[in-house]
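Nothing in this text is a laboratory measurement; each read-out follows from the coordinates by a stated rule. No experiment lies behind these values; they were computed from the predicted model shown. Quick reminder, even Gly has a Cβ in these numbers, built from the backbone with ideal geometry, and neighbours come from all protein chains shown.
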Amino acid sequence: MPTDRVTLTNFTEDAFKKDPKSRKKKPKPSLVVHRLRIKYAAIKHRCYVKTSKHYKSCGGKGIQLYKPWLEDRQKFVDWAIKAGYILGQALVRKDATKDFTPDNCYFK
């Protein structure tokens, strides 16, 4: 009989207990945060990916994403929530010739 097989006599109660740390999962983001992350990705795509069909109207004109937002997506999400984002609203630039910055953007 192989010795590497586990028999019932080898089990203890502790073998069935799970480590509480292994059960902890990251909390799921709310739907609002999820949608804002999608908006962030879309803006970043149209500003920096030359193969984007919207690159010509943004990145092709030199329009960029606000540097702190570019470096940290969470800063964009935090700003959007403070700015009053509600599901379904679009991010609009006040001046379409300027970058995506907190001073130039609002939700409509």
Exercise. Could you tell me which residue of region 44-91 is nearest to the chain's Cα centre (by Cα), considering only residues that are surrounded by 15 or more Cβ atoms within 10 Å (Cβ to Cβ), closer than 15 Å to residue 104 by Cα and free of Cβ contacts under 8 Å to residues at least 40 places away in the same chain?
Key: 69
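Condition check: in a helix (DSSP H, G or I), surrounded by fewer than 12 Cβ atoms within 10 Å (Cβ to Cβ) and either without any contact (Cβ under 8 Å) to a residue 24 or more places away in the chain or among the hydroxyl-bearing types (Ser, Thr, Tyr) (or both). Does residue 41 satisfy that? Walk me through how you get there before you give the answer.
Details: in a helix (DSSP H, G or I): yes; surrounded by fewer than 12 Cβ atoms within 10 Å (Cβ to Cβ): yes; either without any contact (Cβ under 8 Å) to a residue 24 or more places away in the chain or among the hydroxyl-bearing types (Ser, Thr, Tyr) (or both): yes.
Criteria met by residue 41.
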Quiz item: When both residues are 6+ apart or on different chains and their Cβ atoms are under 9 Å apart, which pairs have a first residue that lies in region 93-108 and is under 13 Å from residue 69 (Cα atoms) and without any contact (Cβ under 8 Å) to a residue 24 or more places away in the chain, and a second that is surrounded by 15 or more Cβ atoms within 10 Å (Cβ to Cβ) and among the aliphatic types (A, V, I, L, M)?
Solution: 105/80; 105/91
